[in-house]
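The values are calculated or read from the model by the stated rules, or taken from the named source; none is laboratory data. Small disclaimer: the values here were computed from a predicted structure and weren't measured. Please note: Cβ atoms are built from the backbone with ideal geometry, for glycine as well, and neighbour counts cover all protein chains shown. In case anyone asks, the SASA skips ligands and DNA or RNA and just uses the protein heavy atoms, side chains included. Shrake-Rupley method; radii C 1.70, N 1.55, O 1.52, S 1.80 Å.
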Amino acid sequence: MTDRDELAERRRKHLKLIHFNREDHTFVETEKPNVTFDDVGGLEDVKKRIRLSFILPLKQPEVFAAYGKSAGGSLLLYGPPGCGKTFLARAVAGEIEVNFMHVELQAILSMYVGESEHNLHDIFAKARENKPCVVFFDELDALGGSRHQMRAHHDRMLVNQLLLELDGLDNQSDNVFIIGATNTPWYLDTALRRPGRFNHLVFVPPPDAPERQKILELKLAGKPVDGLNLSAIADMTKHFSGADLEQVVQDAVDSAMERTFETGEIQPITQKDLLAAVKGRKPSTLEWFATARNYATFSDVNRDYQVVLDYMKKHGIK
Ligand SMILES: Nc1ncnc2c1ncn2[C@@H]1O[C@H](COP(=O)(O)OP(=O)(O)O)[C@@H](O)[C@H]1O
Ligand SMILES: [Mg+2]
């Protein structure tokens, strides 16, 4: 092991996962779990895009400089709920060896005037203290989309603060990198979408059949099962999100537990349980696609959402 390897190893061991606490607005630090792209089932196109637009520029800025491309900007993951945005963001942070700060936007929001902005400022300060650091703003939907006037004003101030902080970042020297995630990118303030801000849009689609099978396997791991054919279930659950599949497994577990209480003996989860659970659930992504289509068709001046329309066409979503 060379000195360099050793240093890398040591650094990896001490990487932190920092969470901004919703209740008392403090930071909680734990050791960062080492999740990488290998832990994310499928989503190969998405990974490729993220590598090109985000990871490589950070790892080899000189290549980008040689072609006159700047390595700045942040990643914005969007797509139907429950399809792996949060999951993926964690893995991105694992691909580059940096600290990871997970911020759910709801946690920043405060009813007191000025406090939300203050929280945001603290977050960027904390990130600089812990650089290199990825700050992940999850649930950006909480910004905007509100029609209530007081809230709208509040949101405006928070957006301004976010712009201020983003523009104050110098990617080269600060080593603070930003990832955002939202189900509703079309509500995001356009100012947040300019170059150097959340300018790399990445669509995270619902899982395909092999991905669905993998998710089902993950969710059933360690539970008592009997004679399951998960590939058949995966084929039946077109358009289901990861979260929908989690619900299906949960429903099947409930049935098996009911039998267990009736018989007094541990009953395995059967294919029949899963089939009944699938029948009782509808894919939640279709509603998202219907909304997305409106924005993609009628107000997508930059053709940001063409990839969503292409996906819908390819997968027969009407
Ligand atoms: N490609 C995938 N591979 C493995 N698990 C996945 C995948 N996509 C989603 N999941 C699972 O589905 C659930 C929802 O994912 P999450 O990242 O919370 O969705 P989102 O942030 O897009 O709303 C998680 O429990 C996650 O483990
Ligand atoms: Mg999420």
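Surface composition of the chain: carbon and sulfur make up 52 percent of the accessible area, probe 1.4 Å.
For the chain, what is the mean residue ellipticity at 222 nm derived from helices alone (per DSSP H run of n ≥ 4: -39500 (n - 2.57); sum divided by total residues; nearest 500 deg cm²/dmol)?
That calculation yields -14500 deg cm²/dmol at 222 nm.
The residues of the chain present an accessible area of 53 Å² per residue when probed at 1.4 Å with all protein chains retained. For GluC sites (Glu not before Pro), the sites in segment 200-281 that DSSP calls loop and that have at most 14 other Cβ atoms within 10 Å are GLU265. Annotation: lysines with alpha-carbon distance below 24 angstrom to LYS47 (same-chain offsets under eight excluded): LYS16, LYS32, LYS59, LYS69, LYS85, LYS131, LYS214, LYS219, LYS238, LYS313, LYS314. Straight-line reach from LYS282: taking Cα to Cα under 12 Å and skipping same-chain neighbours fewer than 8 places apart, the aspartates and glutamates in range are ASP244.
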